[in-house]
Amino acid sequence: MHFYDVVFDSCGVDAELERKLGFQKIGVAGVDVAVVDLDKGRGAAGGAVAVGRDRGELISAVKGGASGVVINGSEIEKELIKAMVDNACALFIQLSDVMHYFGIRRSRLIYRDWKLFSYARKAGLDVGFLTLARSRAVMCSYMQMIELAKIIGADERYARESISRVNGALLVRT
């Protein structure tokens, strides 16, 4: 089984780092996959991963062909999840925040992600786990990603499958 992740170019990814962390490929945001921050006012192009808080902007991105969504808000938006199901758009949970923060803030993030993961899976959405790291300090090996996914609510099988199949769909073009 091959594993995949997406990080920002500030991480300085190379083949040696991919091998050490156990990934087939670590994609670079903006190079290997488009990642658009909707909170900064940029519309999402088709195939991009849309990141943001605003429900309306995220729904618009999903209907516009976004391949995935990272929800930064704290509430589960049922209308957004429905739009994602209708448009075969994957949900991605960002793990770098869990790695970066500590204490009560980390606990709140894990709880939010657990609720989001549970709701999305019940709705039939594919859920992937990406670090979207901005520095090597918050990058994870594939095993660490699996363990974080399990903390968030995935079982071992689903965690492995999502980091392989769901994440791989962003990076492997057939």
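Considering the range 109-133, and only residues there that are open to solvent by 60 Å² or more (accessible area, probe 1.4 Å) and aromatic (Phe, Trp, Tyr), the residue that is farthest from Ile146 (Cα to Cα) turns out to be Tyr119.
What number of residues within the range 136-174 satisfy the criterion of being farther than 19 Å from Phe117 by Cα, open to solvent by less than 50 Å² (accessible area, probe 1.4 Å) and among the hydroxyl-bearing types (Ser, Thr, Tyr)? Looking only at that region, the number is 1. Looking only at residues of the range 24-75 that are open to solvent by 40 Å² or more (accessible area, probe 1.4 Å) and at positive phi, we find that the one that is farthest from the chain's Cα centre (by Cα) is Gly41.
Per the conditions (1) charged (D, E, K, R); (2) in contact with a helix residue (DSSP H, G or I) (Cβ under 9 Å, 6 or more places away or on another chain); (3) open to solvent by 10 Å² or more (accessible area, probe 1.4 Å), the sole criterion not satisfied by Arg19 is (2). Tell me the residue from Asp97, Asp86 that is free of Cβ contacts under 8 Å to residues at least 40 places away in the same chain, closer than 19 Å to Ala29 by Cα and acidic (Asp, Glu), please. Testing whether each residue is free of Cβ contacts under 8 Å to residues at least 40 places away in the same chain, closer than 19 Å to Ala29 by Cα and acidic (Asp, Glu) leaves just Asp97. Looking across the range 1-16, the residues that are within 14 Å of Ser135 (Cα to Cα), open to solvent by 20 Å² or more (accessible area, probe 1.4 Å) and not in a loop (DSSP other than H, G, I, E, B) come down to Asp9, Ser10.
Of the helices (runs of 4 or more DSSP H) lying entirely inside the range 38-150, those carrying at least 2 residues that are in contact with a strand residue (DSSP E or B) (Cβ under 6 Å, 6 or more places away or on another chain) are 55-63, 103-123.
Across the range 124-137, what is the total count of residues that are touching a residue at least 40 places away in the same chain (Cβ under 8 Å) and within 14 Å of the chain's Cα centre (by Cα)?
First, the residues of the range 124-137 that are touching a residue at least 40 places away in the same chain (Cβ under 8 Å): 125-126, 128, 130-136.
Keeping just the survivors that are within 14 Å of the chain's Cα centre (by Cα) gives 125-126, 128, 130-134.
Summing the residues that are touching a residue at least 40 places away in the same chain (Cβ under 8 Å) and within 14 Å of the chain's Cα centre (by Cα) in the range 124-137 gives 8.
Of the numbered criteria (1) free of Cβ contacts under 8 Å to residues at least 12 places away in the same chain; (2) more than 21 Å from Ile81 (Cα to Cα), the one Gly56 fails is (2).
The values are calculated or read from the model by the stated rules, or taken from the named source; none is laboratory data. Remember, predicted model here, so these are calculated numbers, not experimental data. Positions of Cβ are generated from backbone atoms using ideal geometry, with glycine treated the same way; all protein chains shown enter the neighbour counts. Remember, those area values only see protein heavy atoms, side chains included, never the ligands or the DNA or RNA. Shrake-Rupley method; radii C 1.70, N 1.55, O 1.52, S 1.80 Å.
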